[in-house]
Amino acid sequence: MSKSASSSPDKIIVYRSRASKNRDTAKAVRDTRERLQTSGQAISTYEREMMDLHLAAVQQSAAIMPFLIMIVGLTANYFNGDLNLFPWMLASLCVHSANLLLARQARKGNNSAEDAAKWRRRLIAGQLIAGVCWAWFAYKGCTQCGASYFFFFKGATLLVALSATSFAMFMLRGATLFTFAPVVLALAVASLIDRDPLDVALTAVFTATLAFFTFMTDRLYSSNVKLLSFQSEKDDLIAELEVANSMSDEARRRAEEANLAKSRFLASMSHELRTPLNAILGFSEVMATEVMGPLNNPTYKEYVQDIHASGQHLLDLINEILDLSRIEAGRYQLNEESIQLVDITEDCIGMVQLRARAKNIQIADQFEPDMPSLWADEKAIRQVILNLLSNAVKFTPQGGEVVVKVGWTASGGQYVSIKDNGPGIPEDEIPVVLSAFGQGSIAIKSAEQGTGLGLPIVQALLHKHDGSFLLKSRLREGTEAIAILPAKRVLQSVPAVEDMQAIDRKRKSFA
């Protein structure tokens, strides 16, 4: 299975660390959700919020119930003077006004869950008194009115009052039941005394309607509690995410500052690190070649050769670290000029040809003809191709083959592809290989171990050129590394302007 690498310049992050971060975030979200959705505490937790919503709704709909009471009283007295409802109307308006004053006081004193429970009991008592007024209306009879006329008038009025109260008071749990329970009691007493079938029917219908509206208001109340719970959960999660985000930003800022300080330190230590290494390499080479005289002990000569090889390996490592540090610190300046990608690739192949012949590796080239020049840094591009070729020769077995291609991309850019038939890279190890100092399992087992900085330097240099890097590999089938340069760096040749015969200017004549 092929795998492509991202062209991002960030090569320090190991991608496998993201899984643990995601698990920690998911665990925090799950704990918060379980804490907020505890079923046993939902009602008591949001009692105060529901009380605030109820008091606000009562004040907004304060004129509905007085308007209904006045319409009922005035209409009944207008059509039948014997049905005197003025005392009932006055008592109902007084009770409603007292409930409004109580709601206003409750809105000022509702500061805690305990206060909410206390004011809820007082408001329920107020609604019970209002229910006594409606029971007075339900029990009142009219001997001068027609039986069917007054029955329908009373039934319609009670049902309208029940509907209005239910929708206005559903956020006060139990308000509908306590308001109209006295009405049911009054209707039941009237039907028992008069034995009128219409009163019995009205009692049954009103009782069933009250049970239905009580059930509906309870469902509406529970739905509002759930909505408040979801709102609180969302706010809590947002707060936790903001805290986690701020902590992550702070940690990232500190990491970036530490990384930048490290890069600046290494970039400024170039002379101090290379000077003693050059002395070690020079003196060990002088001793190995016996310029100042022979070494009598052959073991000493082997030691000198080991010192020289170790010093050369350390110098290569320091050079690569300093190159990567300069790039990360922003001190790597491109010396851009017109270059030929094919010519640079041929030179790099010649430089690694000796190592390839020592392992009996054949290097085949496939170059597109008439490739135009590029506007790039020759040293950087040469380092990119050399790193990729060195890796291909290093991990290709004896008698293998390396294919080098230079050609056009679909977008008009140019690319260099280096493909070997080595052991390949496992899919899960590609991010590790692309990270700084990262080495795959095959590289660790290999006798020719590197520093693990070749591919990160390739990515960084291509990123400086606005290019990209792709790494495709199949286990036991080989690896292909592709360095891509964008189309805007391709220098298109402009045809020469043909010499044209000068046009004679017309002479102006003046009269």
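Quick look at the values:
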| item | result |
| --- | --- |
| Cβ pairs under 7 Å, 6+ apart, first in the stretch 144-160 and farther than 20 Å from Ala181 by Cα and polar (S, T, N, Q), second at pLDDT below 80 and surrounded by fewer than 19 Cβ atoms within 10 Å (Cβ to Cβ) | Gln144/Asn80; Gln144/Asp82 |
| Options Arg507, Arg489, Arg474: the member that is at pLDDT below 55 and either buried (at least 19 other Cβ atoms within 10 Å of the Cβ) or among the basic types (Lys, Arg) (or both) | Arg507 |
| Of residues in the stretch 405-421 being closer than 17 Å to Leu455 by Cα and open to solvent by less than 30 Å² (accessible area, probe 1.4 Å), the one modelled with the lowest pLDDT | Asp420 |
| Hits in the stretch 269-284 (condition: modelled with pLDDT of 85 or more and not hydrophobic (A, V, I, L, M, F, W, C)) | Gly282, Ser284 |
| Residue under evaluation Lys301, criteria (1) among the basic types (Lys, Arg); (2) open to solvent by less than 80 Å² (accessible area, probe 1.4 Å); (3) modelled with pLDDT of 85 or more, criterion not met | (3) |
| Residue in the stretch 178-198 that is within 21 Å of Val72 (Cβ to Cβ), open to solvent by 40 Å² or more (accessible area, probe 1.4 Å), in a helix (DSSP H, G or I) and modelled with pLDDT under 85 present | yes |
| Residue match in the stretch 250-257 (condition: of a type in the set (A, V, I, L, M), more than 30 Å from His54 (Cβ to Cβ) and not in a helix (DSSP H, G or I)) | no |
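The values are calculated or read from the model by the stated rules, or taken from the named source; none is laboratory data. For clarity, every value in this text was computed on a predicted model and none was experimentally measured. Note that we place each Cβ from the backbone using ideal geometry, even for glycine, and neighbour counts take in every protein chain shown. Note: accessible area is taken over every heavy atom of the protein model, side chains too, but ligands, DNA and RNA are not part of it. Shrake-Rupley method; radii C 1.70, N 1.55, O 1.52, S 1.80 Å.
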